[in-house]
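A short worksheet on the structure shown next.
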């Protein structure tokens, strides 16, 4: 989004309007039972899997926050927790200035409001459509829930309009999901997400299951729609190039924590955190000479278990710059250097 | 003489109702020892089916035409016995999904030593020693202990390294890797790509790499075959293909991925762990 649109939005909402979505110190821990001795039944130890461990950020109108990280870093859990599909252990999710979950963990009215105004697009296009429903029923379902006053004809008109917008035809309304390809199913998913005019679109790996050429088409469509409707988006993906193509800001996650957060161009242009650097350098370059000669930051080994994360900085076990101090305290996410990205690393900005 | 010479390979599938579907049409290529050929294309372009045809792994309704000469014998016309001697011994394959290509009920040791016991009549102890070596070669830490574990106890990247170790047990002369890194994270993909490059350099093994990721092709392949709707639309060495792609489909495959703007290469510190 450019500066002019930004100032127009500020005029409309006032520069200190509350952010659309505001997340503070969000934690999602799943209880797990761990076997202590071999095959013994009585010796289970109750512990927790820290999928999301203390995340905070604000999402303003028209902004797209990309969330990247390796599989198992908690990025999907974060997306699901925001809409109440995963239980929140502590912290708060505020939708337009109001808490969606109260201290007693019941879902108050604000959650219903959020669910009407936030929609999800899932990774597996076919699995996210009910095989026994026609496309019309699938696409109009959000309207039946959130716009109870609407007549069937109005719904059909809107469904037809949206299907055409995402590149399908009116004749597809009476067909079933299995008659469509993966890319088409994802377009249907997008139409369903947009029909109730959401303010926030949460995309959980929306193109990861698609073929490369189809990926490009679906990404193009999402970007067009985002601009046209000035949608706010949370865009979760493991694919750094895809996230860069659509995001205004990017959050890099590792083992449930934020490693780096900031403006998309600044973060990709001069990453401060060693993990962001390693991620970026792992993406292959489509140029044989360059690809074979460049120095890469290769990470050792695998992601540690989120049940038993390392002490101090969670990344230190794979970090090329780890110091002794990293084992004691976790570095806070703060501004380091002059790039205006927030970095959780003691070493960043030091040089 | 080339290690593998494929001439006019075609694959079609008979259907109960309707005409046969042509999956691969008249594809030819040759592969020398120590070389890597990349076969790229979208899903449904016939890249996997060509490899499966070479190994005789197609379903019964498939018809294969053409010839594929490996070591003087035509792989497409071998009887089952001879084929079984070749598969998993001189020619090995690594599949995309490391979970479904490992048997969840068997320990890694059983699965790794199977090719040696079948093809080499190795003793158990000898096979176990080789298996531990193979795991170390694909950089699985603590291999002697890990060998007794089951596939579910490994992460995705480790499982893929186990399947690569398994393919390499008999020191094959040709490795077919069918989207070996597609299911993995970029960081793990980088590890596997480096590993495969090292292995082809060190052992003189030839490799057919099937993928849709032009970046992986750039990192590994000497020659590239671009497939589209069952046909080979472009076949060139990697350097000239990336410098000047000629077929519109090659160009669109290259442009399908959004370009990743990244920090200049020099600014990436080189002191990272190997």
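The values are calculated or read from the model by the stated rules, or taken from the named source; none is laboratory data. Just so it is clear, the model here is predicted, and its values are computed rather than measured. In this analysis, Cβ positions are derived from the backbone assuming ideal geometry, glycine residues included, and neighbour counts consider all displayed protein chains.
Below, the figures for the structure above:
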read-out	value
Within the range A:237-255, considering residues that are assigned to a strand (DSSP E or B) and within 14 Å of chain B (Cβ to nearest Cβ), the one farthest from residue B:186 (Cα to Cα)	A:250
Filter pass, residue B:272 being more than 27 Å from residue B:21 (Cα to Cα), crowded, with 17+ Cβ neighbours inside 10 Å and at pLDDT below 80	yes
Helices (runs of 4 or more DSSP H) wholly inside the range B:31-124 containing at least 1 residues that are over 26 Å from residue B:229 (Cβ atoms)	B:80-86, B:108-119
Test result for residue B:256, facing chain A (nearest Cβ under 9 Å), at pLDDT 90 or above and in contact with a helix residue (DSSP H, G or I) (Cβ under 6 Å, 6 or more places away or on another chain)	no
Subset of the range B:2-19 [in a loop (DSSP other than H, G, I, E, B) and touching a residue at least 24 places away in the same chain (Cβ under 8 Å)]	B:2, B:3, B:14, B:15
Hits in the range A:272-293 (condition: touching a residue at least 60 places away in the same chain (Cβ under 8 Å) and facing chain B (nearest Cβ under 7 Å))	A:279
Yes/no for residue B:66 being within 26 Å of residue B:189 (Cα to Cα) and in contact with a helix residue (DSSP H, G or I) (Cβ under 7 Å, 6 or more places away or on another chain)	no
Test for residue A:296: is it over 27 Å from residue A:61 (Cβ atoms), within 12 Å of another protein chain (Cβ to nearest Cβ) and modelled with pLDDT under 90	yes
Selected residue [touching a strand residue (DSSP E or B) at 6+ places or on another chain (Cβ under 9 Å) and either farther than 29 Å from residue B:214 by Cβ or assigned by TED's automatic domain parsing to the domain that holds residue B:7 (or both)] from B:38, B:88, B:72	B:38
Hey, residue A:258 modelled with pLDDT of 90 or more and within 12 Å of chain B (Cβ to nearest Cβ) or not	no
Residues (more than 12 Å from chain A (Cβ to nearest Cβ), over 26 Å from residue A:242 (Cα atoms) and in contact with a strand residue (DSSP E or B) (Cβ under 9 Å, 6 or more places away or on another chain)) located in the range B:202-224	B:205, B:206, B:207, B:208
Residue in the range A:143-161 that is on the phi < 0 side of the Ramachandran plot, in contact (Cβ under 8 Å) with a residue 40 or more places away in the chain and within 14 Å of chain B (Cβ to nearest Cβ) present	no
Residue match in the range A:264-271 (condition: out of contact with any helix residue (DSSP H, G or I) (no Cβ under 8 Å at 6 or more places or on another chain), under 30 Å from residue A:59 (Cβ atoms) and more than 7 Å from chain B (Cβ to nearest Cβ))	yes
Of the criteria (1) within 14 Å of another protein chain (Cβ to nearest Cβ); (2) not in a helix (DSSP H, G or I), which one residue B:172 fails	(1)
Candidates B:48, B:43 - the one that is in the same structural domain as residue B:219 (by TED's automatic domain parsing) and surrounded by fewer than 21 Cβ atoms within 10 Å (Cβ to Cβ)	B:43
Those residues of the range A:279-306 which are out of contact with any helix residue (DSSP H, G or I) (no Cβ under 8 Å at 6 or more places or on another chain), assigned to a loop (DSSP other than H, G, I, E, B) and surrounded by fewer than 18 Cβ atoms within 10 Å (Cβ to Cβ), in sequence order	A:305
Considering residues of the range B:217-247 that are part of a helix (DSSP H, G or I) and touching a residue at least 40 places away in the same chain (Cβ under 8 Å) only, the residue nearest to residue B:42 (Cα to Cα)	B:217
Qualifying residue in the range B:227-242 (condition: over 30 Å from residue B:205 (Cβ atoms) and either facing chain A (nearest Cβ under 9 Å) or over 19 Å from the mean Cα position of the chain (by Cα) (or both))	yes
Check on residue A:198, in contact with a strand residue (DSSP E or B) (Cβ under 7 Å, 6 or more places away or on another chain), surrounded by fewer than 23 Cβ atoms within 10 Å (Cβ to Cβ) and either assigned to a loop (DSSP other than H, G, I, E, B) or at pLDDT below 90 (or both)	yes
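Results for (1) closer than 28 Å to residue B:9 by Cα; (2) part of a helix (DSSP H, G or I); (3) within 14 Å of chain A (Cβ to nearest Cβ), shown as yes or no for each residue.
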| residue | (1), (2), (3) |
| --- | --- |
| B:139 | no, no, yes |
| B:162 | no, yes, yes |
| B:192 | no, yes, yes |
| B:200 | yes, yes, yes |
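Results for (1) buried (at least 19 other Cβ atoms within 10 Å of the Cβ); (2) within 30 Å of residue A:67 (Cα to Cα), shown as yes or no for each residue.
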{"residue": "A:133", "(1), (2)": "no, no"}
{"residue": "A:144", "(1), (2)": "no, no"}
{"residue": "A:150", "(1), (2)": "no, no"}
{"residue": "A:154", "(1), (2)": "no, no"}
{"residue": "A:165", "(1), (2)": "no, yes"}
{"residue": "A:191", "(1), (2)": "yes, yes"}
{"residue": "A:194", "(1), (2)": "yes, yes"}
{"residue": "A:203", "(1), (2)": "yes, yes"}
